[in-house]
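Working notes, beginning with the structure itself.
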Amino acid sequence: MPNLSFIEHYQSIIGAPSISAFEQSIDQSNKQLIELLSGWFETAGFHITIQKLPGSRNKYNMLAKIGSGEGGLLLSGHSDTVPFDEHQWRSDPFVLKQKDHKIFGLGACDMKGFFAFILEAIKTVPLHQLKKPLYVLATADEETSMAGARFFAQQQLIKPDMAIIGEPTELVPIYKHKGHIAQSLNIKGKAGHSSDPDKGVNAIEIMYQAIGQLMDLQTKLRTKFHDDAFSVPHVTMNLGHIHGGDGENRICGHCKLNFDMRAVPELSDEHALALIDEALAPVFAKYPNRLNLELMYPTAPAFSCRDEQNILAIAEQLTGKKFQSANYATEAPFINQLGCDTIVLGPGSIEQAHQPDEFMSLDYVNPTVNILQQMISKVCF
């Protein structure tokens, strides 16, 4: 392994830009970071597989494997970051900054820095004595479409016993989280002069009826699907963005609404989409060929740990913290599709994610390294 310190690994990781965005002008390839990680893990004795994501803008997954046999442990994280607002950062997001026992940089917390923790953990692990394989997965585009994790799950290349996704959870094991569905409702009206409304079709008025149906559905969902494991125990729906028309003296010819739903594990993506279609059906019927509803991007299912290998008890023992649920979404449902016990567990706080001056407290270094080493020992030796 290269004689690099924890901080040196972190510096190189932060210094390899890998912004993921739907907008092509700010979207970046993660190739530089994938090459860095693959080089480090290969030097440590891992076998490296790098795969380009089909149809992507030069995006890659990396799987590192050491050891042989069935089962084993997967340590997983995403290699991309969100975009940043340069006017709100007080330092260069791509240059690691140390201050007040913290390290600052884009991805320091969410979550490229997790790979530096793994590299630090394996320095003193006798990898040549593994009885089961240890895997490290770095995925692409988690912050947008989760295309990397989706593609990896489809391939079914490995079937570990357990998997840890190192998102920032303050080292609290997360065993369950909600899903995420985002849709766009477009309504085509007929523009005209506002002095004679009957000569046009007002898209805002149609949208008003559609929103009424969605609000009724929202009320039904609050009572029909309930999970007390969550701090927000019901399914949520948010009407997040609306735009229509171009002037107060013109009949609105087009109106668009973007909205999302965060479902509990009991409500599948397919059922949720069917309920939305059912709610909007009367408006579609009343105004034929004027409404169009489509997914903004593929759905992210809700997640619940299988716990077939007793991973929750192990995680509680190693962390000293009771497992919890989360309202945000991760790659866990896709990693779960490999057939392994999956939890989300990592250093840092979700409060720092997607924030200016994102940071990781160095207080997490020793506890995280210790937890990773003990997990490797329990699962792979």
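The values are calculated or read from the model by the stated rules, or taken from the named source; none is laboratory data. Please read all numbers here as calculations on a predicted model, not as lab measurements. Don't worry about glycine lacking a Cβ; one is built from the backbone with ideal geometry, like all the others, and counts go over all protein chains shown. Ligands, DNA and RNA are excluded from the accessible area calculation, which covers all protein heavy atoms including side chains. Shrake-Rupley method; radii C 1.70, N 1.55, O 1.52, S 1.80 Å.
Brief remarks follow.
- Filtered by the rule that a residue be outside any strand (DSSP E or B), open to solvent by 80 Å² or more (accessible area, probe 1.4 Å) and closer than 28 Å to F303 by Cβ, the stretch 217-255 gives T219, K220, R222, T223, K224, D228, S231.
- Here the strands (runs of 3 or more DSSP E) wholly within the stretch 272-381 that include at least 1 residues being more than 20 Å from L137 (Cβ to Cβ) and either open to solvent by less than 50 Å² (accessible area, probe 1.4 Å) or touching a residue at least 24 places away in the same chain (Cβ under 8 Å) (or both) are 291-295, 324-326, 359-361.
- Residue in the stretch 116-124 that is assigned to a loop (DSSP other than H, G, I, E, B) and either touching a His at 6+ places or on another chain (Cβ under 6 Å) or in contact (Cβ under 8 Å) with a residue 12 or more places away in the chain (or both) present: no
- Within the stretch 47-94, the residues that satisfy the criterion of being in a loop (DSSP other than H, G, I, E, B), under 20 Å from the mean Cα position of the chain (by Cα) and polar (S, T, N, Q) are S56, N58, S79.
- Within the stretch 103-110, at least one residue is more than 27 Å from F46 (Cβ to Cβ), aromatic (F, W, Y), touching a residue at least 12 places away in the same chain (Cβ under 8 Å) and not in a loop (DSSP other than H, G, I, E, B).
- Of all the listed residues (L214, L185), the sole one being more than 30 Å from F359 (Cα to Cα) and assigned to a helix (DSSP H, G or I) is L214.
- The selection criterion, being open to solvent by 10 Å² or more (accessible area, probe 1.4 Å) and either touching a Gly at 6+ places or on another chain (Cβ under 9 Å) or under 30 Å from E266 (Cα atoms) (or both), holds for K188.
- Selected residue (only one of F84, F46 is in contact (Cβ under 8 Å) with a residue 60 or more places away in the chain and over 30 Å from D341 (Cβ atoms)): F84
- Residue within the stretch 191-208 that is assigned to a strand (DSSP E or B) and surrounded by 14 or more Cβ atoms within 10 Å (Cβ to Cβ) present: yes
- Any hit, the stretch 18-33, residues being free of Cβ contacts under 8 Å to residues at least 40 places away in the same chain, farther than 19 Å from A140 by Cβ and either within 20 Å of the chain's Cα centre (by Cα) or open to solvent by 40 Å² or more (accessible area, probe 1.4 Å) (or both): no
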